[in-house]
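Take a look at the structure set out below.
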Number of protein chains: 2
Amino acid sequence: MEDILHHQSSQFDEELGRLRSDVLRMGGLVENQVATAIEAYGACDPRAIEETIARDQDINALEKQIDDESAQLIARRQPTAVDLRLVFGIIKIVTDLERIGDEAKKIAKGVRRICAAGSQPTQFAPAILHLAETVLVMVRESLDAFARLDSGLAQKVIVDDNGVDAEFKSIVRQLITHMTEEPNTISMVMDVIWIARSVERIGDHAKNVGEHVIFIVEGQDVRHRRLSSNGGAV
Amino acid sequence: MEDILHHQSSQFDEELGRLRSDVLRMGGLVENQVATAIEAYGACDPRAIEETIARDQDINALEKQIDDESAQLIARRQPTAVDLRLVFGIIKIVTDLERIGDEAKKIAKGVRRICAAGSQPTQFAPAILHLAETVLVMVRESLDAFARLDSGLAQKVIVDDNGVDAEFKSIVRQLITHMTEEPNTISMVMDVIWIARSVERIGDHAKNVGEHVIFIVEGQDVRHRRLSSNGGAV
């Protein structure tokens, strides 16, 4: 794949390279945001909570910057074929990365509400943290897939999202049972449900990134196609 | 605005015009999906439920088609300035339209669960329907803003989203109170909460469309900027 991204114009190569590394930098920040939000959940750590909320701005700024670079690159370089697919894919990927940042911020705000109310959500922590770890791996792998333009890894992320959806549904069922048994905890449990929802949404966005990577590499639009666990369309 | 979109090449004009009308066609389908899903909510109408779920495929197919047309237009016509902003904005807008379609489908599935359980969510219908009507107007106006490249109307949609967020929070508070008072209704009320959440998300996406329209018209990226009710940045 690296070969087909090599051009006559080294200036063009440099610009495309910068664009790709900016996306990876944004991805790194986003990954870190998710990790910090989850860390805050486990520990009611006010520093981690406020950091996650404040740093969402950096991610928003990077989204604008990358969009701007992409538009300029299209206008100046008029990319075609795989280069155009790369820029097109990047335009879509940054939207998903920015939304992952939003969800991390929502998680941090949910944790802040729970901790401010004097509760500690330790009772549900194992389930939420397990889901979050899976999703964090998906985010990391979707970025690795983009960095290496590895459509196999991208496909793995897409398939992994099925497990996340099933786990999320099971967590919600448990939380509903808990609310029914202890109605006085409903407000707090609702915040845990919103947090679980945000984690699940992050999985959706990592899956979307995987789909965009496959589009870049293979020129195929795999969105809205169901993938079986061996990666074949079903 | 029409003037600056007029070109030497009538072929180019025709292609840009087709792209714009495809986006509006997709927008019309999406708007209709939201309306049908909400109609189903009010009436437990199985036909409306199944129609909404089935038709989400048409929206997904249109998203792919428009993305494809956009990429081809960039490759063949190498647009610059306002034309490039238009295509760039369209690439972002279709993502939001597709997500609105997803949320409409989620609403329909929530309604199906509630009605299948033999409940009728009439008790909460007025609040949900009120929120949905506001959001439906936002979707319609964001599409009108795109059709007419009207940044004033786009800005109105952005401001309206603040009201939707506040109304959503108030609905959730009422639903939590209801769950606490009647724990045997928790499962059903949770489905109503998911439906309210989807309606609120549709408002977010309409707001995003508004932001993309302003970018197309004014070349300004207004995302992540707070707007006051008179439209000025605060």
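What follows draws every value from the coordinates through simple rules; no lab data is involved. This one's a predicted model, so the numbers in the text were calculated from it and none came from an experiment. Glycine gets a Cβ as well: all are built from the backbone with ideal geometry, and neighbour counts include every protein chain shown.
Sort shortest first the distances from B:F12 to its counterpart in every other copy, using label points 7 Å along the Cα-to-beta-carbon line, and give them in nm.
From this label point to the equivalent ones elsewhere in the assembly: 2.0 nm.
Taking 0.36 nm per residue of sequence separation and subtracting the Cα-Cα distance, how much length would be gained by fully extending the chain between B:T80 and B:S10, in nm to one decimal?
23.6 nm
Please report the orientation-averaged projected area of the protein assembly as shown, defined via the convex hull of its C-alpha atoms, in nm².
In nm², the orientation-averaged hull projection of the protein assembly as shown is 21.9.
What gaps in nm, shortest first, separate A:E182 from its twins in the other copies when you place the label 7 Å past Cα toward the beta carbon?
So the label point of A:E182 gives 2.5 nm to the other copies.
When Lys and Arg each count +1 and Asp and Glu each count -1, what net charge do the other residues less than 14 Å away from B:L131, Cβ to Cβ, add up to?
Around B:L131, the surrounding residues sum to -4.
For chain B, what percent of Cα pairs sit more than 27 Å apart? It would help to have the intermediate numbers written out before the result.
Details: 10586 of 27261 pairs.
Looking at chain B, the distances longer than 27 Å represent 39 percent of pairs.
Holding the Cα-Cα limit at 23 Å, pick out from A:K156/B:K106; B:K106/B:K156; A:K106/A:K207; A:K169/B:K109 the pairs that are longer than that.
The answer is A:K156/B:K106; B:K106/B:K156.
Whats the longest run of chain A with zero trypsin sites (Lys or Arg not before Pro) that are DSSP loop and have at most 16 other Cβ atoms within 10 Å?
It works out to A:1-224.
In whole Å and largest first, what semi-axes does the C-alpha gyration tensor of segment B:117-169 yield when each eigenvalue is scaled by 5 and square-rooted?
For segment B:117-169, the ellipsoid semi-axes come out as 29, 12, 6 Å.
7 Å along Cα→Cβ for the label point: how many nanometres lie between B:R47 and each equivalent label in the other copies, listed shortest first?
The answer, with the shortest distance listed first, is 6.3 nm.
At 4 °C and 1.567 mPa s, grab the translational diffusion coefficient of segment A:122-234 from Stokes-Einstein with a Kirkwood Rh over Cα pairs, rounded to a whole number in µm² per second.
Translational D for this selection: 87 µm²/s.
Which of the helices in chain A, when you take each full DSSP H run, stretch at least 30 Å along the axis at their Cα atoms and have an average Kyte-Doolittle score of 1.0 or higher?
none
Please work out the C-alpha center-to-center distance from segment A:93-113 to segment B:140-202 and express it in whole Å.
18
Using only DSSP helix segments of four residues or longer, with each worth -39500 (n - 2.57), what per-residue ellipticity at 222 nm results for chain A after dividing by its residue count and rounding to 500? Don't skip to the end; give the middle numbers.
Details: 6 runs with 190 residues, N = 234.
The helix-only estimate for chain A comes to -29500 deg cm²/dmol at 222 nm.
Taking a label point 7 Å from the Cα of B:N32 along the Cα→Cβ vector, which residues of segment B:129-146 have an amide N closer than 19 Å to it?
What the label zone holds, given the 19 Å backbone N cut-off, is B:136-144.
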